[in-house]
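A quick write-up on the structure given underneath.
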Amino acid sequence: MADVKTLFDEMGGYDTIRKVHKIFYDKIYADAWMGQFFREIDQTHIENQQTDFMVAAMGGPEKYYGAFPIPAHQHINITNELFNYRHDLLKASLSEAGLSEALSEKWLKIDGAFRTGLVKKSILDCKGRYKTDPIVDFQVPHKKNAA
């Protein structure tokens, strides 16, 4: 019987997935808009969490013990524009990490599957994860001063 290769294996395992997340979160933290959402979150921590999550999603070892995406982001006003912007940063990171277009599309398909659960129609769809949790909503920097 032949070994079944998982997407995790096709991607190149932990090393490739970690590399993508390092490139991606370097972009996120340096970005004027996206960086605002991560000010209070340690970059290494989020890279490790996201790596563990994606490893499991791609059929690798299940070591992720964090919150699932929808409840973890219920307090953040994620618009279609924000989701698309983040998705574009991820796509650029996949390319920069040297993934083929075919593998990048597979990764982006997993990422995109969360759109309907994460994107809100308005800030009124947000709710705190606990009583003191603020609603997080940052406008695109270039739109702040628009009339």
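Computed about its Cα centre, the charge dipole of region 94-147 is approximately 380 debye, with only Lys, Arg, Asp and Glu carrying charge at their Cβ. Distance from the C-alpha centroid of region 1-78 to that of region 96-138: 11 Å, rounded to the whole angstrom. A cut-off of 5 Å between modelled amide H atoms, ignoring neighbours fewer than 5 places along the same chain, links VAL136 with ILE76, ASN77. Relative to the longest principal axis of the Cα atoms of the chain, the long axis of helix 80-96 lies at roughly 30 degrees. Working ranking of peptides 13-21, 106-114 by packing, defined as the average number of other Cβ atoms within 10 Å per residue, highest first, is 13-21, 106-114.
Axis of helix 101-112 versus longest Cα principal axis of the chain: the two differ by about 50°, to the nearest ten degrees.
Each Lys and Arg contributes +1 and each Asp and Glu -1, all at the Cβ; summed about the Cα centre of the chain, the dipole is approximately 540 debye.
Specify whether the C-alpha gyration tensor of region 13-115 places it in the rounded, prolate or oblate class, a ≥ b ≥ c being the square roots of the eigenvalues: rounded for a/c under 1.5, otherwise prolate if a/b is larger than b/c and oblate if not. Rounded shape, in that the Cα axes give a/c under 1.5. Per-residue ellipticity at 222 nm computed for the chain from its helices equals -16000 deg cm²/dmol, with DSSP H segments shorter than 4 residues left out and the rest contributing -39,500 (n - 2.57). With a threshold of 26 Å on the Cα-Cα distance, the over-threshold entries among LYS5/LYS120; LYS19/LYS109; LYS27/LYS106; LYS22/LYS121 are LYS5/LYS120; LYS22/LYS121. Among residues other than PRO61 with Cβ under 13 Å from its Cβ, the summed charge is -2 (Lys and Arg +1, Asp and Glu -1). Considering only TRP33, GLY12, ALA92, and ranking their Cα positions along the charge dipole of region 7-144 that arises from unit charges at the beta-carbon of Lys, Arg, Asp and Glu, the one farthest toward the positive end is TRP33. Just to confirm the number: angle between the C-alpha axis of helix 43-57 and the first principal axis of the chain, 0 to 90 degrees, nearest 10? The helix 43-57 is inclined about 50 degrees to the chain.
Laboratory data are not the source of any read-out in this text; all were calculated from the coordinates shown. Quick caveat: nothing in here was measured; it's all calculated off a predicted structure. Glycine gets a Cβ as well: all are built from the backbone with ideal geometry, and neighbour counts include every protein chain shown.
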